[in-house]
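For reference, the structure discussed in these notes is given below.
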């Protein structure tokens, strides 16, 4: 493995990439990313990758456009350097939220970025918990779609009393995801009737399910501005929930999210490190779990030709 496998990291989440390498017993391969005076990006691969199996780790986090271009140029550089196979490891694929044409004259950008990755030189993609399952179908190259549901569920099993716990979906679209989470824990689930007025304006109606006097864990694929989470908390409180917790894979935490969560009546928030969380975004109520072992195991299986799906059986 040490001879044939190479792992590179662009700038968005080098800590996760380093941790993945530690689990594999590898050193992170050197990559130089700089800018010319006209602000154009310059990428140079700093070691031989000819006929190597190469993985590049990059999450689509702020600044998203810069991080996407870093990855595209890196993929193209690796292809030009005669890498045998190049896998784009994208722990957080932010444009998965743009998965349908829900307004006139807009782009389905999730599909556009998938096409760009293939054009740039990606032979396959490794990602985690896409916002919508159909985004998987946007890719013309093989995609290994990991999930952090077992990781987060195991944390709740170890640290919480499940006897009176209910898993809650913030809308009908997330019901399938929350169903998998609740099944993993063996607890019932509830669904909130949500209406999205705009990207930052969400209204909630009734709770479908019994949450009165129970501990509720809201489960989402990501926490962005925190607007959906806050309105869900208010709806659950009004329905008589005893305590409220949250679990989410991607801790994007943009805009007013940190201030909202700091003051929110929520006991705990459990997220993963698919998104780098700087010190300014850490709160006492937030627990960050690592998904590095899962990505390392998937990379090892892809490299050796074993089943990635077997990780979740």
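Bear in mind these aren't lab numbers, they're just calculated from the coordinates by the rules spelled out. The structure displayed is predicted, hence computed values, not measured ones. Every residue, glycine among them, receives a Cβ derived from its backbone with ideal geometry; neighbour counts consider all protein chains shown.
Here are a few things to note about the model shown:
- Computed label-point distance, nm, for sites residue 289 and residue 81 using a 7 Å Cα→Cβ extension: 3.4
- Reduced Cα scattering model of the range 252-313, Debye log10 I(q)/I(0), q = 0.22, 0.29 Å⁻¹: -0.87, -1.27
- Share antiparallel - DSSP beta bridges, the range 149-289, percent rounded to 5: 20
- Percent of alpha-carbon pairs separated by more than 18 Å within the range 149-289: 50
- GNM top mover of 121, 280, 205 - the chain, alpha-carbon springs below 10 Å: 280
- Reduced Cα scattering model of the chain, Debye log10 I(q)/I(0), q = 0.15 Å⁻¹: -1.21
- FRET efficiency, 1/(1 + (r/R0)^6) with R0 35 Å, evaluated for residue 141 and residue 102 via beta carbons: 0.85
- Protection proxy ranking, highest mean first, for peptides 51-57, 224-230, 185-191: 51-57, 224-230, 185-191, where packing is the per-residue count of other beta-carbon atoms within 10 Å, averaged.
- Taking every Cα-Cα distance in the range 73-171 and sorting them into 10 Å bins starting at zero, the pair-distance distribution P(r) comes out as 14, 36, 26, 17, 8, 1 percent.
- Fewest-first ranking of 176, 237, using other Cβ atoms within 10 Å as the exposure measure: 176, 237
- Degrees between helix 109-120 axis and first principal axis of the chain (Cα, 0 to 90, nearest 10): 20
- Spin-label pair residue 282/residue 180, simplified geometry with 7 Å Cα→Cβ offset, distance in nm: 3.0
- Calculated FRET value between residue 193 and residue 237, using beta carbons and R₀ = 25 Å, to 0.05: 0.95
- Cα-derived Rg over Rh, computed across the range 35-81 with Rh taken as Kirkwood radius: 1.00
- Modelled spin-label separation between residue 42 and residue 162, with each label point placed 7 Å from Cα along the Cα-to-Cβ direction: 5.5 nm.
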